[in-house]
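Only one structure is covered here, and it is reproduced in the block below.
Please treat every number below as a calculation from the coordinates, not as lab data. Please read all numbers here as calculations on a predicted model, not as lab measurements. Please note: Cβ atoms are built from the backbone with ideal geometry, for glycine as well, and neighbour counts cover all protein chains shown.
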Amino acid sequence: MAQTFQCSIITPQETAFDGKITYATFQAWDGQEGILSQRSPLLTKLGIGIVRLDLEAGGKAWFLLDGGFAQMQEGVLMLLSSNAMTSDSVSLAEAQSELDDANARVVTGTEDREARERAQQWARAKVTFAKTTG
């Protein structure tokens, strides 16, 4: 049996997940990161992307995080993000519509361009998330 460890996904509004898992994979700022129990300490910046947690009792839990930080210390993985969405809260049609709207935005300056790129990145991640978990 795989060894388990504690994992929490925390946003300013709520604790989106708190439980025992056997494996976690998430999007770090520089690529995909996988975590097993007994992992050496880690502190990294999160990118926008999908988190898959392999649960202690079997099965998987999926989340979409909007950046943040990941810390693995003393057998506990903490994922801190400004937003965490569950797979049942995202529909492919709504995500695709959001991406279409972001792509159609008119850019008038540097701030507008950065906001548009950020909106596009988040919407693309939602589309991918809906396809992966749907």
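Mean shadow of segment 90-133, computed from the convex hull of its alpha carbons, in nm²? Don't skip to the end; give the middle numbers.
Values: hull surface 10.3 nm².
So the Cα hull casts an average projection of 2.6 nm².
What is the extension gain from S89 to T15, computed as 0.36 nm multiplied by their sequence separation minus the C-alpha to C-alpha distance, in nm to one decimal?
On the way: separation 74, 0.36 × 74 = 26.64 nm, distance 1.57 nm.
Between S89 and T15, full extension yields an extra 25.1 nm.
Could you state the number of Å between the C-alpha centres of segment 97-129 and segment 10-77? Taking the Cα centre of each part, segment 10-77 and segment 97-129 sit 25 Å apart. Helix 110-133 and the longest principal axis of the C-alpha atoms of the chain enclose an angle of approximately 50°. Modelled this way, with points 7 Å down the Cα-to-C-beta line, the labels at S8 and T25 are 2.6 nm from one another. Each Cα pair under 8 Å and six or more residues apart adds its sequence gap; the mean of these over the residue count of the chain is a relative contact order of 21 percent.
With contacts taken as Cα pairs under 8 Å at a separation of at least 6 residues, segment 31-97 carries a relative contact order of 28 percent.
Averaging 1/r over each pair of different alpha-carbon atoms in the chain and inverting the result gives 15.6 Å, the Kirkwood hydrodynamic radius.
Against the chain, whose longest principal axis comes from its Cα atoms, helix 92-104 is set at around 50 degrees.
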